[in-house]
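The structure appears right after this line, and notes come after that.
None of the figures in this text is laboratory data; all of them are computed from the coordinates on show. Quick caveat: nothing in here was measured; it's all calculated off a predicted structure. Neighbour counts are summed over all protein chains in view; Cβ atoms, including those assigned to glycine, are modelled from backbone coordinates with ideal geometry.
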Amino acid sequence: MSSFVSGYIHDLSGVKDNKTRMQATVRMALVNQFKDRLQEGNAVTLQRYSLGEIQPKFRIVANPLRLSILSNTDCAECLDFTGSKHGFVFRPFKSIVELKKEEDGQFDVIGRVIACEDLDNYDKNGRAGKKKPLTLIDAEYVILISSV
């Protein structure tokens, strides 16, 4: 079932994983109407589009929703986009090391691996998992211990 919504869709091609990517469709008859504005790397504001569920056998990405561009969809350049152009959210090591309270979420760092521990198998709430402890260092010689 589709629903019509208005909102912001930013740079669908630039996000870094398949959980935040969204499959989008434009009918062949509408391609010329939107092709100049829907370019890879562009941030756009969309209004009057449709969101619908994708059948599993037609799904290209993990996201269960499909964005459909309609004949009356407004597509304009997003002039106040403040997100990351390439889908990365870089943080300095120092801002992570100095945290007083643990934060949920993901972010990216630039550093060099200086130590790598053995793979850690764990059980959390009855679900098995694995993580690899790493020690990283940045250009300012700040050390960060993490796991992937």
Length-normalised contact order of the range 93-147, Cα under 8 Å, at least 6 apart, in percent, tallies to 33
HN-Hα J couplings of the range 122-139 from phi, Karplus 6.51/-1.76/1.60, θ = phi - 60°, integer Hz, Gly and Pro as x? 9, 10, 10, 6, x, 10, 6, x, 9, 9, 10, x, 10, 10, 10, 9, 9, 5
Once you sort the root eigenvalues of the Cα gyration tensor of the range 93-147 as a ≥ b ≥ c, which label holds: rounded (a/c under 1.5), prolate (a/b larger than b/c) or oblate (the other case)? oblate
Among SER146, SER95, SER68, which comes first, second and so on when ranked by fewest other beta-carbon atoms within 10 Å? SER95, SER146, SER68
Taking PHE34, PHE93 and counting other beta carbon atoms within 10 angstrom, the fewest-first order is PHE34, PHE93
